[in-house]
Amino acid sequence: MAKLERTEKPINVIIEERRRGELGLPEIQRGYVWKQTQVRDLIESMYKEYPCGLILLWKPPSEMLSNLKLREQDTSNTERLSLLVLDGQQRITSIIRVLDGMTDVYFNVDEEKFEIKSPKIKGNPLWVSVTKLLKDGAIDVWSKLKREIPNLNDKKYEEYLKRLDRIQKIKDYRIPVEVLHTDDYEEITEAFIRINSKGTKLREAELALAQLALRLPGIVSQDIEEALAEFEESGFEFEARFLIRCFVAISTSQSRFKFLGKLWQLKEDRLIDIWKNTKRGVENTLSFLKTNVGIESTDWIPSLNTLVPLVVYYAKKGHVSQKDENLLLFWYHSANMWGRYSSSAETKLDQDLDVLLDKTTGKIKEDGIENIVKNCRRDVADLIVDEEELIEPYQRSAFLPLLFAVIRKKHTKDWFNGIELSATNVGPDNKIELHHFFPSSVLKKAGFKREDYDDFSNIVFLSQRANREIRHSVPHEYIKKYKIERGRLEDQYIPMDENLWRVENYKEFLEARRRMLAKAMNEYLITYGKEYMNRKGA
């Protein structure tokens with residue numbers, strides 16, 4: 001049974017222990033996730049001497065410490081390591097980031113307000129860098145303030161010095177510390193989970209990761225992080241919670257983190273097999289997105305939940321028929337367009353996994369893909385893209401990724417440099433941007449409203465350089481000036497009636513292009529799921 005030791009330490013002592021390597025992070029800890037605003041609020045709370053919670057540490061026996069898996073940043077020097085942080089990592093790291101200038105928190109000496117560095121703060125001497133203050137001391141910062149604002153009375157200067165001194169004393173802020181003495185790693189993991197499940201500090205996914213780290217030492221701090229880095233290099237940025245969601249779906253045939261008791265009873269070699277299958281499933285899914293769908297980064301994935309059934313499918317299926325390949329692509333676009341997981345995501349994921357997988361064997365059903373397409377179709381009147389559904393601002397449109405996939409399939413080229421449009425193009429000039437065919441500045445000048453010039457049907461895909469060159473010109477002028485080829489315009493479904501390229505005919509242009517876009521998207525979808533593209537009742 002664990003022995004509990006209670007004490008209290010100034011935060012600067014805790015920081016020094018962390019810097020010297022005396023405090024480490026066990027593998028069950030997640031990475032640093034706090035937002036800058038949370039750091040700002042922590043500094044303000046310490047300034048006002050509000051309680052900031054306790055720090056919970058674990059002191060394992062020295063012979064056990066050398067065999068424990070740590071977070072990667074703590075593995076280089078373990079000679080002084082004696083304690084591991086169970087609760088308080090985000091606060092400790094946040095203060096270190098402020099001290100090192102990695103997070104710029106500023107303090108207004110007149111209003112006693114804290115803010116993250118921004119343009120409105122720059123040049124105003126009343127805003128003082130907390131990093132600089134903690135480094136140089138209150139007197140130095142106060143002296144500089146007096147030189148920059150020389151016309152204040154002595155009482156105001158004295159008030160400012162007191163406030164600056166209070167910030168300097170943040171380093172002496174005393175935090176309650178509890179130290180658990182035990183050699184039982186399972187007991188520590190249980191304590192970690194109980195602590196974090198009480199509040200909102202960790203989501204259920206992170207708690208599942210902690211359980212996985214307990215049962216497979218090294219998998220979270222090494223295997224999963226290496227996989228995430230590998231996927232990021234390919235253009236797909238995920239968090240560990242996405243991988244653990246896939247892991248759970250593959251192993252339990254459902255998506256929720258609450259029902260994992262049987263999973264954690266599996267032997268180590270079985271858990272390793274599940275992880276390998278999960279990684280392979282993600283790899284195959286990303287290859288499918290790149291080569292079959294034309295999606296090359298997470299920027300073009302509206303909902304990561306739509307990837308979970310794909311990952312499960314590719315983790316469990318060896319041979320993929322042409323029919324299933326087509327239906328997977330059709331389902332992927334349909335689920336994203338019609339917001340399959342936009343509400344009650346876990347319920348709908350479970351519905352789809354239930355019809356995708358055989359309950360007895362856990363294998364993919366012969367009609368599994370057809371079943372999840374049918375589930376998707378039940379949510380909406382039909383899966384056909386109507387012109388009226390494209391009347392919306394492009395920023396809110398669920399049809400944008402489908403349009404991108406359609407033009408990628410045509411190997412559409414940039415209007416200027418002739419390079420095929422791709423999210424993986426090299427160099428800032430070749431980066432894909434969304435361009436208003438009728439530039440917003442031109443339409444504003446002509447009296448059009450934002451909802452008019454941001455219409456989905458006014459958007460084309462261009463390289464950054466092309467967008468820069470033509471963003472203030474009307475179409476009928478820039479098309480002729482830059483000799484943009486007809487074929488490249490047609491590849492993005494631009495009407496070839498030159499009268500429609502004039503501002504006075506903008507509304508007619510939208511109607512014409514909207515018809516072309518709806519037709520192109522439906523033709524694309526029919527290629528893969530014709531039998532599901534009829535109207536209900538037709």
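For the chain, the relative contact order comes to 12 percent (Cα pairs under 8 Å, sequence separation of at least 6).
Restriction of the chymotrypsin sites (Phe, Trp or Tyr not before Pro) in region 311-371 to DSSP coil positions whose beta-carbon has at most 10 other beta-carbons within 10 angstrom yields no sites. Extent of region 363-511 along its three principal axes (Cα atoms, max minus min coordinate, largest first): 58, 35, 25 Å.
With a cut-off of 8 Å between alpha carbons and a minimum separation of six or more residues, what is the relative contact order of region 387-532 in percent?
Computed over region 387-532, the figure is 28 percent.
For each pair in Lys413/Lys481; Lys483/Lys507; Lys258/Lys374; Lys279/Lys410; Lys413/Lys449; Lys35/Lys290, compute the distance between the two Cα atoms and list the pairs where it is over 22 Å. Beyond 22 Å: Lys483/Lys507; Lys258/Lys374; Lys279/Lys410; Lys413/Lys449; Lys35/Lys290.
Taking square-rooted eigenvalues a ≥ b ≥ c of the alpha carbon gyration tensor, is region 105-172 rounded, prolate or oblate, where a/c under 1.5 means rounded and, failing that, a/b exceeding b/c means prolate?
Working: a/c = 1.61, a/b = 1.09, b/c = 1.48.
Oblate, since a/c reaches 1.5 and b/c is not below a/b.
Here region 202-298 was treated as a single set of alpha-carbon atoms; its pair distances binned every 10 Å from 0 give 15, 50, 28, 7, 0 percent. For region 74-178, the relative contact order comes to 21 percent (Cα pairs under 8 Å, sequence separation of at least 6). Which links in Lys431/Lys519; Lys316/Lys363; Lys267/Lys365; Lys359/Lys530 stretch past 18 Å when you go from one Cα to the other? Correct reply: Lys431/Lys519; Lys267/Lys365; Lys359/Lys530. Please state the shape class of region 294-415: rounded when a/c is under 1.5, otherwise prolate if a/b exceeds b/c and oblate if not, all from the C-alpha gyration tensor. It is prolate, given that a/c is not under 1.5 and a/b is the larger ratio. Consider all pairwise Cα distances in the chain and report the whole-number % of them above 37 Å. The share of Cα pairs beyond 37 Å in the chain comes to 50 percent. Using the Cβ atoms and a cut-off under 12 Å, what net charge is assigned to the surroundings of Glu388, where Lys and Arg are +1 and Asp and Glu are -1? Cβ neighbours under 12 Å give a net charge of -3.
Helical runs assigned H by DSSP (4 residues or longer) give the chain a calculated mean residue ellipticity at 222 nm of -14000 deg cm²/dmol, each run adding -39500 (n - 2.57) before division by the residue total.
Out of every Cα pair in region 222-378, what percent are spaced more than 27 Å from each other? Percentage above 27 Å: 17.
Throughout, read-outs are computed from the coordinates displayed, never taken from laboratory work. Being a predicted model, the structure only gives us computed values, none of them experimental. Neighbour counts are summed over all protein chains in view; Cβ atoms, including those assigned to glycine, are modelled from backbone coordinates with ideal geometry.
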